[in-house]
1. Across 5 Å bins from the origin, how do the percents of Cα pairs in the stretch 146-235 run, short distances first?
2. Once the chain is represented by equal point scatterers at the alpha-carbon sites, with solvent omitted, what log10 I(q)/I(0) does the Debye formula produce at q = 0.09, 0.13, 0.15 Å⁻¹?
3. May I ask you to evaluate 6.51 cos²θ - 1.76 cosθ + 1.60, the Karplus curve with θ = phi - 60°, for each residue of the stretch 272-279 and list the ³J(HN,Hα) values in order in whole Hz, giving x for glycine and proline?
4. So, for the stretch 134-240, what is the accessible surface per residue at a probe of 1.4 Å, expressed in square angstrom?
5. How large is ³J(HN,Hα) for each residue in the stretch 231-238, as worked out from phi by the Karplus curve 6.51 cos²θ - 1.76 cosθ + 1.60 (θ = phi - 60°), to whole Hz, x for Gly and Pro?
6. Considering only Cα-Cα distances, which of the following residue pairs are longer than 31 Å: Lys154/Lys277; Lys43/Lys103; Lys43/Lys237; Lys103/Lys141; Lys43/Lys226; Lys141/Lys277?
7. Using the alpha-carbon centroid of each, what span in Å lies between the stretch 3-81 and the stretch 118-167?
8. Multiply the residue separation of Ala74 and Glu274 by 0.36 nm, subtract the distance between their alpha-carbon atoms, and state the gained length in nm to one decimal.
Amino acid sequence: MANVLITGTSSGIGLQTAIGLATAGHTVFATMRNTERGAALRKIVDENQLPVSILEMDVDSDRSVDAATSAIRARIGCIDVLVNNAGIERTGSIEGLALDDFKATMETNYFGALRAIRAWLPDMRARRNGCIVNVTSVAGKIACSPLAPYTASKFALEALSEVLAQEVKPFNIRVAIVEPGIVDTAMARRVSDAPVDPGYSHVRRFGEMFEAALENPTPSTMVAEKIREIIESGTEKLRHPVGPEAEGFLGWRASMTDEGWIEWGALPDDAWYERVKSDFGLDARAKRRPPSLSTAPNRAGV
């Protein structure tokens with residue numbers, strides 16, 4: 001059984017991963033930016049007497065990461081597994097989103113994971129043992145409008161993970177990238193309900209595609225189970241797509257030239273809807289919404 005630190009556990013994938021690992025007998029340190037948001041996890045932990053400690057850790061803050069690291073180290077010495085799950089999204093056109101949206105997304109999704117890795121890597125290297133799981137997305141390999149801030153951060157985390165895996169393999173430290181598809185989380189629901197940008201139809205129609213996909217949603221427990229499998233199996237495989245459509249999305253993009261991909265993203269609405277339906281069986285057109293009066297970008301995060 002392992003001592004596991006998970007970031008971003010107040011909801012979604014992080015919450016389910018904490019529950020799944022603790023139920024399997026692992027000792028879990030479940031961290032989140034604001035522990036007041038941990039009521040759902042705390043209730044399950046208390047009812048089932050699970051080995052979970054809930055701690056405050058804001059991955060955007062050096063001071064917060066250092067404090068949580070010191071507290072955990074004082075209790076158990078070193079963790080065996082780090083799961084970097086904390087993440088936020090910003091949905092909108094590159095022109096329409098504020099520069100701060102791009103900065104915030106990169107700060108949490110990329111630098112947040114980097115802070116946690118740097119906090120624990122010296123201990124793992126000294127012990128010559130450890131496992132680091134970075135939760136990215138199929139968006140870490142596929143760049144789609146209107147998710148530029150999110151995809152940029154996930155591309156960056158994928159690159160970091162590849163380099164990290166090379167550096168730490170001689171020290172018996174495993175690195176794994178988990179790439180969920182469209183998973184039923186609060187974040188995915190926000191994408192499906194993003195305010196319309198009147199200048200760019202990509203924002204509206206991509207939200208409609210998410211809405212269609214979420215009619216038959218992939219539960220976050222599927223991602224949690226994959227993370228448990230990675231930890232317990234000892235696999236050294238780097239990338240792990242998760243969800244029934246994840247492999248399809250990745251294979252679809254890999255089959256296209258860069259120019260073909262750009263052409264797909266730039267299609268007029270009617271042609272784009274037809275392609276989504278023919279390629280994935282998703283009738284996004286059926287979810288087509290009238291233009292919204294709101295043009296404010298979606299700034300909610302997790």
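1. 2, 12, 16, 18, 18, 13, 9, 7, 4, 1, 0
2. Cα-only, vacuum Debye calculation for the chain: -0.44, -0.90, -1.16.
3. These are the phi-based 3J(HN,Hα) values: 5, 4, 5, 5, 4, 5, 6, 7 Hz.
4. Here the residues of the stretch 134-240 average 38 Å² of exposed surface.
5. Once rounded to whole Hz, the list reads 5, 7, 7, x, 4, 10, 5, 7.
6. Pairs exceeding the cut-off: Lys43/Lys103; Lys43/Lys237.
7. If we compute the Cα centre of each part, the gap is 19 Å.
8. 66.3 nm
The values are calculated or read from the model by the stated rules, or taken from the named source; none is laboratory data. Predicted model, so just to flag it, every value in this text is computed and none were measured. Heads up, the Cβs are rebuilt from the backbone with ideal geometry, glycines too, and the neighbour counts pull from every protein chain shown. Accessible surface areas use protein heavy atoms only, side chains included; no ligands, DNA or RNA. Shrake-Rupley method; radii C 1.70, N 1.55, O 1.52, S 1.80 Å.
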